[in-house]
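A.B. asks: Have a look at the structure that comes next, please.
The values are calculated or read from the model by the stated rules, or taken from the named source; none is laboratory data. From a predicted model like this one, the values you see are computed outputs, not experimental measurements. Backbone-built Cβ (ideal geometry, glycine too); neighbour counts: all protein chains shown.
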Amino acid sequence: MGVHGTGDNIGSGESLRDTFVRNNGCTAQDTPEPAPGSLTHVTTTYSGCSADHPVVWAAFDGGHIAAPQDGAPGDSGSRTWVPAAAWEFITQF
């Protein structure tokens, strides 16, 4: 699972993501990104991955922050969507 801000050198994050997509046998695809200024995120779950090797990519409208939140700029430990998304990813195993 990768979470990356579109305002934080998104290309390097996408390159790392694509390595996992290839290594895990997933089907390559274009991933949507949230519109600039939208303060939202878009999550993509790749298909075709080998058993027990899923890849999920979440791009958010923001920069280099640890706890992005929808609807407001900056970090928020209490309003971020990341822990729930990470928990959903981890508990599938």
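A.B. asks: Might you let me know whether segment 63-77 holds any residue that is touching a Cys at 6+ places or on another chain (Cβ under 7 Å) and of a type outside the set (S, T, N, Q)?
C.D. replies: no
A.B. asks: Check off (1) touching a strand residue (DSSP E or B) at 6+ places or on another chain (Cβ under 9 Å); (2) part of a strand (DSSP E or B); (3) without any contact (Cβ under 8 Å) to a residue 60 or more places away in the chain for Pro73 and give me the number that stays unchecked.
C.D. replies: The single condition Pro73 does not satisfy is (1).
A.B. asks: From the list Arg17, Arg79, which one is assigned to a helix (DSSP H, G or I) and of a type in the set (Lys, Arg)?
C.D. replies: Arg17 is the lone residue from the list that is assigned to a helix (DSSP H, G or I) and of a type in the set (Lys, Arg).
A.B. asks: So is Ala59 at pLDDT 95 or above, among the hydrophobic types (A, V, I, L, M, F, W, C) and over 12 Å from the mean Cα position of the chain (by Cα) or not?
C.D. replies: Spelling it out, it is not the case that Ala59 is at pLDDT 95 or above, among the hydrophobic types (A, V, I, L, M, F, W, C) and over 12 Å from the mean Cα position of the chain (by Cα).
A.B. asks: Something else: Any residue in segment 53-69 that is over 13 Å from His4 (Cα atoms) and either acidic (Asp, Glu) or assigned to a strand (DSSP E or B) (or both)?
C.D. replies: No, the conditions are met nowhere in segment 53-69.
A.B. asks: While we're looking at this one, here's another question. When you check Ser12 against the structure, is it free of Cβ contacts under 8 Å to residues at least 12 places away in the same chain, outside any loop (DSSP other than H, G, I, E, B) and of a type in the set (Ser, Thr, Tyr), yes or no?
C.D. replies: yes
A.B. asks: On to the next question. Out of Pro83, Pro36, Pro32, I need the residue that is within 11 Å of the chain's Cα centre (by Cα) and either at pLDDT 95 or above or hydrophobic (A, V, I, L, M, F, W, C) (or both). Which one?
C.D. replies: Going through Pro83, Pro36, Pro32 in turn, just one is within 11 Å of the chain's Cα centre (by Cα) and either at pLDDT 95 or above or hydrophobic (A, V, I, L, M, F, W, C) (or both): Pro32.
A.B. asks: Could I ask something else about it? Which residues, taken from segment 65-85, are within 20 Å of Thr44 (Cβ to Cβ), surrounded by 15 or more Cβ atoms within 10 Å (Cβ to Cβ) and of a type in the set (Gly, Ala, Ser)?
C.D. replies: Residue satisfying the conditions is Ala85 alone.
A.B. asks: Mind telling me which of the residues Gly62, Gly48, Gly74 ends up being of a type in the set (Gly, Ala, Ser) and closer than 25 Å to Thr91 by Cβ?
C.D. replies: Selected residue: Gly48, the only one of Gly62, Gly48, Gly74 that is of a type in the set (Gly, Ala, Ser) and closer than 25 Å to Thr91 by Cβ.
A.B. asks: Separate question: Return the only residue of Thr19, Thr27, Thr43 being under 19 Å from Phe89 (Cβ atoms) and touching a residue at least 40 places away in the same chain (Cβ under 8 Å).
C.D. replies: So the residue among Thr19, Thr27, Thr43 that is under 19 Å from Phe89 (Cβ atoms) and touching a residue at least 40 places away in the same chain (Cβ under 8 Å) is Thr43.
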